[in-house]
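See structure below.
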Amino acid sequence: MSAAKTTQGTPGAAPGDTSRPAPLLPGRGNRSRTRWELLALLIPGLIGLLLAFILPVLAMFRMSLNEHGTAGALVETISIASYQAVLSDPFYWQVIWNTLVMGFGCALAAVVLSYPLALFLVRTTSKWKGVLIALAIAPLLTSAVARTFGWIAILGDQGMINSVLLALGVVETPLRMNNNMFGSTVALVEILMPYSILAMISGFGRLNPALEEAAGSLGASKFKVFTKVTLPLTLPGIFTGFLLVFVLAISAFVTPRLMGGGRVFILATEIYNEATQTLNWPLASALAMILLVVFGLFILLYQRAVKRIDQG
Amino acid sequence: MSSAQAHLELRGLNKTYPNTESPAVDSIDLNVAEGELVALLGPSGCGKTTTLRMVAGLLDPSAGEIVVNGKDLVGTPVHKRGMGMVFQSYALFPHMTVAENVGFGLQMRKLPRKEVKDRVQEALAMVQLDHLAQRRPAALSGGQQQRVALARALVVEPTLLLLDEPLSNLDAKLREAMRREIKQIQQRLGTTTLFVTHDQDEALDMADKIAIMHNGVIAQYAPPEEIFDRPATRFVATFVGKANFIEATEVVGRGGGRYRVSSDLLGTLEVEGVEGIEAAEDAALVVRPHRLGVRRRGESSAPQIGGEIVPGGPVVPGRVVDSAYTGNVRSLVVDVPDGQQIMIDELTVRDRALAIGDEVEIAFDPDDAFLVGSR
Ligand SMILES: Nc1ncnc2c1ncn2[C@@H]1O[C@H](COP(=O)(O)OP(=O)(O)O)[C@@H](O)[C@H]1O
Ligand SMILES: [Mg+2]
């Protein structure tokens, strides 16, 4: 009986061996074909990215290696003179520092202000949920320029707040809330909040009312439920919101320019000045490259942080 | 692990959700003795989850009392009730390991680190998951997640264990294994348990007592055998098991839950029934399909019921109109004279298959008929 089985098994295995590569080959072919098809789908996007992002950045990098002649003429060369000029000048270090401080300030404020809103919007069972979310991001319908002028009307020396305070005699001279970092930050936070709300709402996917109830049933007070369950589960959303606002804030130009009244020195405004006023394109390009490196660093940090959260 | 045995009593517990007319839970009373496992069984939407959430403290009752060991807990927040709850979705914390999940309740009770570790270990051993302590819930199968949820709820030595459809996300085989496991652990620890399910097999298998819920009220509260053999209402009879109803035309009470019942189909019988039935209107005899005997008309042998010979009960002629084979059991539908159809489940026997169109005789045993009233 067992002998019969073996004799039956052996010839059975032989054709199996010869036929084995056959089904595998088309399989492998299929897989690589679909892989190429998927890559082909990316081509239009990649071409767009190449034309609109990679080539300009390369051109900018090339420009940053040129020199600014004494007569203001552009000298085609390969040198790191512009980078040296930036990095050896305390003023530009101050500008980089200002940029980072403003970025952090905006991101922190926007996240703190958006978090309760986003939590509420995610949790509400109201039939108006959709409308409420639309309302929260409705400010995006107005241009940032218009909203910045709105803030000038509120925070300016003759603005709403100062008029009221002066009229009430609370202050003698107008509070300086405009033409400085404070005004720029306040306006930027308000302008960027819709982005952080959106980022958080989409990042709160792991939150689930049953988890908070389970924590409660296991003896966690409301505060403990928040610190042990709600906060850890919403951290990815918080990080995404923070990064998004940070990146948008350090690259913002219109609002710091208008609210800063020429007295807020950050990378975006300095790049603009060098490019359009001084006409020192190599220096402007070097500053832009430095800003790009700052972006890159923070995106790296963000990815590290998110990975850490996912793993523990 | 041990358990301080608790006694649970619901008194007139009511929940009416805002903007709804009728209450989701309508003034129910329920008494769960120390160490008992009670199943809340009913169709979807009958108010089981609402009841359980009120007991847990996740939902405020509109009225009534939740008394545990003589103390009314209404108003006590969820985290101070000391109950253990297993959610339908398990609700394991995705950002914690299995051990951290199980230890969460002990941590909240501020126990020393060493004790937390030991008790987590013990609880995981109880559900045979000690080897997976450092895994994340996402890396566990459904059955394993279920067991972690159970260990997490039990490790705190809860006064009450509350389970909301804990097995409904598992496949059939695993579900049966988990039934036994939960039941064994519950019996070993002696934890008073309230178990919500819409699955009658689960309730019959696991529960010491079953509370059948229907439209927010408890239709019957009794041990499984009694629910099945002596259903309190038509709803209970149809919801738990299959039931034939034979409408009564005349009912005479004989005291002690016994009645003389006349019906067009069966003539007059002496049967047991729900106490307090006064009129024949809407009263009916419940007869379970598997308690009926059936034979081909003209066959000489007596009809068989569960292997026993019928002791001279009524016999009704009929004609098979449907026959479904399910392996152990053949389910027949038979047209009988008064225009009614009778369901019969007979154990399959070799060389005997009643087919559609066969003329048959159905044998009733009065002891297997039970009278239910209008409700
Ligand atoms: N939050 C709520 N608001 C309004 N009605 C609800 C709410 N939750 C449940 N209900 C209603 O209460 C009834 C009982 O629900 P539930 O207790 O979840 O039933 P079950 O668990 O038995 O399926 C249902 O009719 C349901 O629609
Ligand atoms: Mg339910």
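The values are calculated or read from the model by the stated rules, or taken from the named source; none is laboratory data. Just so you know, these numbers come straight off a predicted model, no measurement behind them. With ideal geometry, Cβ positions are generated from the backbone for all residues, glycine too; neighbour counts draw on all protein chains shown. When the accessible area is computed, the model is the full protein with side chains, heavy atoms only, and any ligands, DNA or RNA have been set aside. Shrake-Rupley method; radii C 1.70, N 1.55, O 1.52, S 1.80 Å.
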(message) Against the condition within 23 Å of B:Val55 (Cβ to Cβ), touching a Gly at 6+ places or on another chain (Cβ under 7 Å), more than 16 Å from ligand 1 (Cβ to nearest atom) and away from every other protein chain (no Cβ under 12 Å), how does B:Gly105 come out, does it pass?
(response) no
(request) Could you please find all residues in the range B:202-232 being in contact with a strand residue (DSSP E or B) (Cβ under 9 Å, 6 or more places away or on another chain), closer than 30 Å to B:Arg260 by Cβ and surrounded by fewer than 18 Cβ atoms within 10 Å (Cβ to Cβ)? (result) B:Ala222, B:Pro223, B:Glu226, B:Asp229
(request) With the condition kept exactly as written, say whether any residue in the range B:127-140 is away from ligand 2 (no atom under 16 Å from the Cβ), within 25 Å of the chain's Cα centre (by Cα) and assigned to a loop (DSSP other than H, G, I, E, B). (result) yes
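Listed here are the residues, each with its yes/no results for (1) within 9 Å of chain A (Cβ to nearest Cβ); (2) touching a strand residue (DSSP E or B) at 6+ places or on another chain (Cβ under 7 Å); (3) more than 21 Å from A:Asp310 (Cα to Cα); (4) at pLDDT 90 or above.
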{"residue": "B:Ala91", "(1), (2), (3), (4)": "yes, no, no, yes"}
{"residue": "B:Lys110", "(1), (2), (3), (4)": "no, no, yes, yes"}
{"residue": "B:Glu122", "(1), (2), (3), (4)": "no, no, yes, yes"}
{"residue": "B:Leu150", "(1), (2), (3), (4)": "no, yes, yes, yes"}
{"residue": "B:Asp171", "(1), (2), (3), (4)": "no, no, yes, no"}
(request) Looking only at the range A:45-63, decide whether some residue is without any contact (Cβ under 8 Å) to a residue 24 or more places away in the chain and assigned to a loop (DSSP other than H, G, I, E, B). (result) no
(message) Looking at A:Thr125, A:Thr185, can you tell me which residue is open to solvent by 70 Å² or more (accessible area, probe 1.4 Å) and of a type in the set (S, T, N, Q)?
(response) A:Thr125
(request) Residue by residue through the range A:151-181, note down the ones that are free of Cβ contacts under 8 Å to residues at least 24 places away in the same chain and not aliphatic (A, V, I, L, M). (result) A:Gly156, A:Asp157, A:Gln158, A:Gly159, A:Asn162, A:Ser163, A:Gly169, A:Glu172, A:Thr173, A:Pro174, A:Arg176
(message) Which of the numbered conditions does B:Thr20 fail, given that it passes all the others? Conditions: (1) open to solvent by less than 30 Å² (accessible area, probe 1.4 Å); (2) without any contact (Cβ under 8 Å) to a residue 24 or more places away in the chain.
(response) (1)
(request) Please determine, by comparing only the residues of the range A:263-277 that are touching a residue at least 40 places away in the same chain (Cβ under 8 Å) and open to solvent by 20 Å² or more (accessible area, probe 1.4 Å), which one is farthest from the other protein chains (Cβ to nearest Cβ). (result) A:Arg263
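Table: residues versus (1) of a type in the set (Gly, Ala, Ser); (2) in contact with a helix residue (DSSP H, G or I) (Cβ under 6 Å, 6 or more places away or on another chain).
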| residue | (1), (2) |
| --- | --- |
| A:Leu65 | no, no |
| A:His68 | no, yes |
| A:Leu74 | no, no |
| A:Ala81 | yes, no |
| A:Val86 | no, yes |
| A:Pro90 | no, no |
| A:Trp93 | no, no |
| A:Ile96 | no, no |
| A:Thr99 | no, yes |
(message) If I ask for residues that are open to solvent by 40 Å² or more (accessible area, probe 1.4 Å) and either closer than 20 Å to B:Asn328 by Cβ or assigned to a loop (DSSP other than H, G, I, E, B) (or both), which ones from the range B:339-367 would you list?
(response) B:Gly339, B:Gln340, B:Met343, B:Leu347, B:Thr348, B:Val349, B:Arg350, B:Asp351, B:Arg352, B:Ala353, B:Ala355, B:Ile356
(message) Against the condition open to solvent by less than 40 Å² (accessible area, probe 1.4 Å), within 20 Å of B:Thr191 (Cβ to Cβ) and within 16 Å of ligand 1 (Cβ to nearest atom), how does B:Phe87 come out, does it pass?
(response) yes
(request) Within the range B:314-337, count every residue that is open to solvent by less than 70 Å² (accessible area, probe 1.4 Å) and either among the aromatic types (Phe, Trp, Tyr) or assigned to a loop (DSSP other than H, G, I, E, B) (or both). (result) 3
(request) Would you confirm whether any residue within the range A:208-219 is open to solvent by 10 Å² or more (accessible area, probe 1.4 Å), in contact with a Gly (Cβ under 9 Å, 6 or more places away or on another chain), free of Cβ contacts under 8 Å to residues at least 12 places away in the same chain and within 13 Å of A:Met259 (Cβ to Cβ)? (result) no
(request) Could you tell me whether any residue of the range B:107-120 is in contact (Cβ under 8 Å) with a residue 60 or more places away in the chain and open to solvent by less than 20 Å² (accessible area, probe 1.4 Å)? (result) no
(request) Please enumerate the residues belonging to the range B:146-173 that are among the hydroxyl-bearing types (Ser, Thr, Tyr) and either within 16 Å of ligand 1 (Cβ to nearest atom) or not assigned by TED's automatic domain parsing to the domain that holds B:Leu132 (or both). (result) B:Ser168
(request) Taking the residues in the range A:74-108 that are among the polar types (S, T, N, Q) and over 25 Å from the mean Cα position of the chain (by Cα) as candidates, determine which candidate is most open to solvent (accessible area, probe 1.4 Å). (result) A:Gln84
(message) Being within 10 Å of the chain's Cα centre (by Cα) and among the aliphatic types (A, V, I, L, M) narrows it down to one residue among B:Ile218, B:Ile185, B:Ile210; which is it?
(response) B:Ile210
(request) Name the single residue, out of those in the range B:177-191 being in a helix (DSSP H, G or I) and surrounded by 15 or more Cβ atoms within 10 Å (Cβ to Cβ), that is farthest from ligand 1 (Cβ to nearest atom). (result) B:Leu189
(request) Select, from B:Gly57, B:Gly70, B:Gly45, B:Gly75, the only residue that is in the same structural domain as B:Arg188 (by TED's automatic domain parsing), open to solvent by 30 Å² or more (accessible area, probe 1.4 Å) and within 16 Å of ligand 1 (Cβ to nearest atom). (result) B:Gly45
